[in-house]
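Trainee: Let me begin by handing over the structure; questions about it come next.
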Amino acid sequence: MAGKGIDRSTTYLQGVQEIDVGRSGEVWQEVKSIQSLRNVLVHLNGTLTGAGATSVGAYINRHEHLLRKDGTSIQIGEGYCMHVLGTFIRYFEHLNKELRRLAEDMKREGRR
C-alpha cells in the first residue's frame, strides 16, 4: 500500500474497506493543511523556506490564528490549538459514522 501515515491509513480504509474517508471534503483539506504546517514546524524549525513554503504560507495568510513573524517565521496565536482539535474531532466523527455503517452492512450480510 502506497503512502505514509494518515495518507496510507485512509488509502487502506477507502480502497480495502470501501469507506468514504472524506478526501474530497473541506475538513480533509484542513487536516492536510494542519499536517503541512506541523511538518514545517518540526522539520524546518518553523521557518517558511524550501518545498511547501508557498502552500503553508498561503494557509497562514488565510488563518486568523497564524502569523508570519519577520517574513519567514511562524507564530501560532491563541485559538489555533482549539481550531486543530475541532478539525480532528469533525474528521473522526465522519470516520466513526462510516465505520458504524460498515459494521451494520457486515452484520446484515452475516460477515464479521
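The values are calculated or read from the model by the stated rules, or taken from the named source; none is laboratory data. Here the structure is a predicted model, which is why all the values come from computation and not from measurement. Glycine also receives a Cβ, built like all others from the backbone with ideal geometry; neighbour counts cover every protein chain displayed.
Trainee: Please give the number of the condition Val21 fails out of (1) under 15 Å from the mean Cα position of the chain (by Cα); (2) loosely packed, with under 12 Cβ neighbours inside 10 Å.
Mentor: All conditions are met except number (2).
Trainee: In segment 64-78, is there at least one residue being part of a helix (DSSP H, G or I) and surrounded by 12 or more Cβ atoms within 10 Å (Cβ to Cβ)?
Mentor: No.
Trainee: Output the residue which, of all residues in segment 47-61 that are assigned to a loop (DSSP other than H, G, I, E, B) and closer than 17 Å to Gln75 by Cβ, is farthest from the chain's Cα centre (by Cα).
Mentor: Selected residue: Thr49.
Trainee: For Gln29, all conditions in the list (1) touching an Asp or Glu at 6+ places or on another chain (Cβ under 7 Å); (2) of a type outside the set (Gly, Ala, Ser); (3) under 20 Å from Cys81 (Cα atoms) hold save one; what is the number of the exception?
Mentor: Among (1) touching an Asp or Glu at 6+ places or on another chain (Cβ under 7 Å); (2) of a type outside the set (Gly, Ala, Ser); (3) under 20 Å from Cys81 (Cα atoms), Gln29 violates only (1).
Trainee: Go through Leu44, Leu95 for me and flag whichever is of a type outside the set (D, E, K, R), surrounded by 13 or more Cβ atoms within 10 Å (Cβ to Cβ) and within 16 Å of the chain's Cα centre (by Cα).
Mentor: Leu95
Trainee: Any residue in segment 98-112 that is within 18 Å of Val21 (Cβ to Cβ) sitting within a Cβ distance under 7 Å of a residue that is hydrophobic (A, V, I, L, M, F, W, C)? List the pairs, counting only those 6 or more apart or interchain.
Mentor: Glu98/Ile19; Leu99/Ile19; Leu102/Ile19
Trainee: Would you please name the residue that is modelled with the lowest pLDDT, looking only at residues in segment 56-104 that are hydrophobic (A, V, I, L, M, F, W, C) and in contact with a helix residue (DSSP H, G or I) (Cβ under 6 Å, 6 or more places away or on another chain)?
Mentor: Val56
Trainee: For segment 33-45, state whether one or more residues are free of Cβ contacts under 8 Å to residues at least 60 places away in the same chain and in a loop (DSSP other than H, G, I, E, B).
Mentor: Yes, because at least one residue in segment 33-45 is free of Cβ contacts under 8 Å to residues at least 60 places away in the same chain and in a loop (DSSP other than H, G, I, E, B).
Trainee: Looking at Gly3 and the list (1) assigned to a loop (DSSP other than H, G, I, E, B); (2) among the small types (Gly, Ala, Ser); (3) farther than 25 Å from Lys97 by Cβ, which single condition is not satisfied?
Mentor: If we test Gly3 against (1) assigned to a loop (DSSP other than H, G, I, E, B); (2) among the small types (Gly, Ala, Ser); (3) farther than 25 Å from Lys97 by Cβ, just (3) comes out false.
Trainee: Just name the residue that is nearest to the chain's Cα centre (by Cα) out of those in segment 24-41 that are closer than 26 Å to Gln75 by Cβ and among the small types (Gly, Ala, Ser).
Mentor: Ser33
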